[in-house]
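The values are calculated or read from the model by the stated rules, or taken from the named source; none is laboratory data. As the structure is a prediction and not an experimental result, all values here were calculated from the model. Here the Cβ positions follow ideal geometry from the backbone for every residue, glycine too, while neighbour counts run over all protein chains shown.
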Amino acid sequence: MKINIKGIIDNKQIQFFKNYGVDSFTFDNRPTSFNFIQLKNMQEMMECDQADYRILFDRPSHIMLKETMSKLSTNSVELLSNVDDEKIISGYDFSAYYSDQNLLSYYRKIESLKKIIIPEQAALLLLNENNLFNLISRLKSEFNQLEIELLLNWSSQIDFSLLEEMNIDLISFELNQDIQQSYRMLDYDKVEKYMEEMKKLGITE
């Protein structure tokens, strides 16, 4: 199963996860995020390592979105929140984050919607209410070739054996305090244990 790692900040991290067959990474473009990196650093990392890269924004202006993406060799954008709920967004391959406050009409406004990302907390709530399967089926029937991504916690409470049954296309993890030794410093031993466990389950290489 394909895995995306969010909040990458350097090439050492990219190479570490590539050793487990991970080839999809998200740069965090939110200035308030602990994983925020400058545009020039994104450019340098993308030049050094070929992979599938996405850029995470939270309510960017159209100008900011256009200027940032024009300088990067990727067309993939993650939207934590829409640029403008009243306007149609187009020109990029978009991944939108699921929220129970969003109706289907919200996602219809986003042209080139490729993925919907469901955080684990929301997925567990839907699963406990027996609504997760129905939601995924409804989304996939509404949007042609839509992929469903499950954003998991490192100590996930979701049974990995259910992923295929739930029709999940890919899973993702965010680099956060759960796997850090200190500020922006990964605990590679801890991450390795998680990755080796997923390797045993056949999720990673």
Scanning the range 109-147 for residues that are of a type outside the set (Asp, Glu) and part of a loop (DSSP other than H, G, I, E, B) gives Lys109, Ser112, Asn130, Asn131, Phe143, Asn144, Gln145, Leu146
Restricting the range 34-53 to residues that are assigned to a loop (DSSP other than H, G, I, E, B) and in contact with a strand residue (DSSP E or B) (Cβ under 8 Å, 6 or more places away or on another chain), which is nearest to Leu186 (Cα to Cα)?
Asn35
Can you tell me which residue in the range 72-88 is modelled with the lowest pLDDT, limited to those that are closer than 18 Å to Lys109 by Cβ and outside any loop (DSSP other than H, G, I, E, B)?
Leu79
Out of all the residues in the range 144-163, which are of a type in the set (Asp, Glu), out of contact with any Ser or Thr (no Cβ under 7 Å at 6 or more places or on another chain) and in contact (Cβ under 8 Å) with a residue 24 or more places away in the chain?
Glu147
Taking into account only those residues within the range 121-174 that are under 20 Å from Met198 (Cα atoms) and hydroxyl-bearing (Ser, Thr, Tyr), which is nearest to the chain's Cα centre (by Cα)?
Ser172
Check Asp100 against each of (1) modelled with pLDDT under 90; (2) surrounded by fewer than 19 Cβ atoms within 10 Å (Cβ to Cβ); (3) over 23 Å from Leu162 (Cβ atoms) and name the one condition it does not meet.
(3)
Top-ranked residue of the range 172-205 - restricted to ones that are of a type in the set (Phe, Trp, Tyr) and part of a helix (DSSP H, G or I), ranked as surrounded by the fewest Cβ atoms within 10 Å (Cβ to Cβ):
Tyr188
Scanning the range 4-33 residue by residue, the ones that are out of contact with any helix residue (DSSP H, G or I) (no Cβ under 8 Å at 6 or more places or on another chain) and outside any helix (DSSP H, G or I) total 14
Six or more apart or on different chains, Cβ atoms under 8 Å: show the pairs whose first residue is in the range 101-116 and in contact (Cβ under 8 Å) with a residue 12 or more places away in the chain and whose second is among the aromatic types (Phe, Trp, Tyr) and part of a strand (DSSP E or B).
Ile110/Phe94; Glu111/Phe94; Ser112/Phe94; Leu113/Phe94; Lys114/Phe94; Lys115/Phe94; Ile116/Tyr97
The number of residues in the range 2-13 that are more than 18 Å from Ile203 (Cα to Cα) and in contact (Cβ under 8 Å) with a residue 12 or more places away in the chain is 6
Give the residue that is modelled with the lowest pLDDT, with candidates limited to residues of the range 115-168 that are among the polar types (S, T, N, Q) and under 30 Å from Asp187 (Cα atoms).
Ser161
Consider Phe36 against the criteria (1) over 27 Å from Gln101 (Cα atoms); (2) surrounded by 14 or more Cβ atoms within 10 Å (Cβ to Cβ): it satisfies all of them except one. Which criterion is unmet?
(1)
